[in-house]
Amino acid sequence: MAPWTVMRARMPSAHLALAVLACAILGACASNDTPGEVVVTVTQTPTRAGSPSPKASASPTTKATAPRSEVKGRDFDFGMVTKARTAGDTDVLVLDRWTDPGVPDDTLADQGLEVRAWDLASGRYVNQNAKVTFDIPVREGTTFLLHHCVAPGEPLQTRSVTATELADAPEADRLVLVEIDEQGWATGGETLAGC
């Protein structure tokens, strides 16, 4: 017999063997060895009556809005600090604007004033009005020089303070010349000690 005839005779057997093997495999898959019904149990932690339900926390990417400066466009501002507050994580000085009657406001805004002690009863500096204040955000890390008198005629005492410490100083020591950057934020300043 020629070799191609043997090969041809074997081919149908090979196909038959493959078909039998495939049936055996499929039969094994179809057997009743599949797992039974799967049961999943979920246990909820009970809460006490009246206790607040858990709240979703704010996204860590949420950023507080930066406070708006009301003195943008000035290089200096001058007045009495009425209080300091925080907006987000930023300190904000609230300034009651004062003036030096001998210095026009636009000159004061560009060049500032000479920082020196003054006599509270002299009328040297004047409150512009009693109703309007200005919010000045304070750059992080900014300190102010607080000049104050222990007693009239005594040398000035000076120390660095934060915006909050400046607002907590005695009123006679809170008249301040504030340095302002191009965004309208305080970057420093010095008080004019009232002696």
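The values are calculated or read from the model by the stated rules, or taken from the named source; none is laboratory data. This structure is a prediction, so every number in the text was calculated from the model and none was measured. Here the Cβ is made from the backbone with ideal geometry for all residues, glycine too, and neighbour counts use every protein chain on show. With ligands, DNA and RNA removed, areas are computed over all heavy atoms of the protein, side chains included. Shrake-Rupley method; radii C 1.70, N 1.55, O 1.52, S 1.80 Å.
Some observations on this one:
- Cα shape, segment 86-168, gyration tensor, a/c 1.5 rule: oblate
- Per DSSP, loop GluC sites (Glu not before Pro) in segment 160-195 with at most 12 further Cβ within 10 Å: Glu182
- Packing-based order for 76-89, 146-159, using average beta carbon neighbours within 10 Å, highest first: 76-89, 146-159
- Protection proxy ranking of 91-97, 123-129, 139-145, by the mean of other Cβ atoms within 10 Å over each peptide's residues and highest first, is 91-97, 139-145, 123-129.
- Sulfur and carbon atoms: percent of accessible area, segment 137-195 [1.4 Å]: 46
- Euclidean distance between Cα centres, segment 170-195 to segment 69-85, Å: 8
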